[in-house]
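First comes the structure, then the notes that go with it.
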Amino acid sequence: MDESLRPALVEFLLRHGDDRLVLGHRLAEWCGHGPALEEDIALANIALDVTGQANLLLALAGRTEGMGRDQDALAYFRDERDFRNAQLVELPKGDFGFTIVRQFLFDAYDVPFLEALQGSAHEELAGIAAKAYKEARYHLRHSAEWVVMLGDGTAESHERTQRALDELWRFTHELFEVDAVDRALIAAGIAPDVSALAPAWRARVAQVVERATLTLPGDGFRARGGRRGLHTEHLGIMLAEMQIVARSHPGASW
Amino acid sequence: MTTRARPTRDELFALLDTVMDPEVPVVSVVELGVVRDAAVEGDEVVVTVTPTYSGCPAMREIEAEIERALHAHGHERVRIRTVFAPAWTTDWIGPAAREKLRAYGIAPPGPAPSADDELVPLRRRREVVRCPYCDSPDTALRSEFGSTACKSIRFCNACRQPFEQFKAF
């Protein structure tokens, strides 16, 4: 790999590793609180998958950076402004409908993203993507079916699901943004051009939303900044809870 | 260490075949396809493994069990190498191991989904999965996600028994 690409690759790995780490934590918050035992287990399983993916991506980020930070150092000893996840994944879990709609919007992006990333010129990254891609397909099937069941369910589930979709829509655009970091890696064949994935994403989301008798929100305000470390007020609170044990007992093992 | 002949790949695989999966202790890590290769490199045995799922919590235990088994047979220096490509698939589980799963009460996986399969099916898929207890094909999917990432939960309408299936992956 071209040595000059190293900082961009670290940044890219943090962005996509952090997406999964933060989403995994939000999903894990459902553990013991799911609406049914099966769903409790399903959300915990999906949390395990994406946290496992975060583990692989952050470990690679640490090795690429070469400053001696491993995945645990990156997960537990960085502050809010150093996190590079999209704001979509940090929003509080809300009700089950909110969690499902967020998951669906993310999964519908994640499947084509990982599919494209399998073709990365970076061999290890391509391998991680190939593995995660298979998992993401299961996640999408699960979340899409739930969007339909909730949207086309009772009046209350329909209303809550539509509200979640309306609230979350403004946070989806950030997933498809491309900046100088991406452009350098796209040119080197290491990263896919996520902006090119947006039309197919929108078509797939529209198909499920229609089947769920929901209405696709219009594009208005576009939340952005997560990729540069600018977050909603929710991330810091989440990190405080996620990081406190590791920070209170550095080096502890159990 | 006593002088001994360099073990062949087959001999190492036979040894690793005694290491059972911690979550499904009737199939070995070789039968599952988690062990991809084993060879002597210099003075150490290098075992190449691939995780089933990215977040499989059993991987660390599997690696420790592999080391323990090799140490017990006089291989003092063991290195585990993890690879992600090609990605693990349930298609690597052979017929004998599938029968062991069934006898243990876990329905074996069907063929792994292909990239062409509908991603958002919008309706329940019609896959015939036989109950591992009564062999009835009248079973229904309860959840894609079971007690471990690699299993789904089904219910047998014939013998009224919930059971797990190794998901096709």
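The values are calculated or read from the model by the stated rules, or taken from the named source; none is laboratory data. Computed from a prediction, not measured in an experiment: that's the story for all the values here. Positions of Cβ are backbone-derived with ideal geometry, glycine not excepted, and every protein chain shown enters the neighbour counts. Side chains are part of the model used for accessible areas, which takes the heavy atoms of the whole protein and leaves out ligands, DNA and RNA. Shrake-Rupley method; radii C 1.70, N 1.55, O 1.52, S 1.80 Å.
Tabulated data for the structure shown
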quantity: Residue within the range A:143-161 that is of a type in the set (Phe, Trp, Tyr), within 21 Å of residue A:174 (Cβ to Cβ) and more than 9 Å from every other protein chain (Cβ to nearest Cβ) present; calculated: no
quantity: Hey, residue B:47 at pLDDT below 95 and of a type in the set (A, V, I, L, M, F, W, C) or not; calculated: no
quantity: Subset of the range B:46-81 [more than 18 Å from the chain's Cα centre (by Cα) and part of a loop (DSSP other than H, G, I, E, B)]; calculated: B:73, B:74, B:75, B:76, B:77
quantity: Subset of the range B:78-102 that is of a type in the set (Gly, Ala, Ser) and within 12 Å of chain A (Cβ to nearest Cβ) - its residue that is surrounded by the most Cβ atoms within 10 Å (Cβ to Cβ); calculated: B:87
quantity: Residues of the range A:75-87 classified as open to solvent by 60 Å² or more (accessible area, probe 1.4 Å) and touching a Ser or Thr at 6+ places or on another chain (Cβ under 7 Å), total; calculated: 0
quantity: Single match in A:10, A:50 (criterion: among the β-branched types (Val, Ile, Thr), open to solvent by less than 40 Å² (accessible area, probe 1.4 Å) and more than 21 Å from residue A:141 (Cα to Cα)); calculated: A:10
quantity: Unique residue being at pLDDT 95 or above and in contact with a Pro (Cβ under 6 Å, 6 or more places away or on another chain) when the list is A:59, A:116, A:28, A:73; calculated: A:116
quantity: Yes/no for residue A:174 being part of a helix (DSSP H, G or I), more than 14 Å from chain B (Cβ to nearest Cβ) and at pLDDT 95 or above; calculated: yes
quantity: Of all residues in the range A:56-74 being open to solvent by 10 Å² or more (accessible area, probe 1.4 Å), within 21 Å of residue A:118 (Cα to Cα) and without any contact (Cβ under 8 Å) to a residue 24 or more places away in the chain, the one that is nearest to the other protein chains (Cβ to nearest Cβ); calculated: A:59
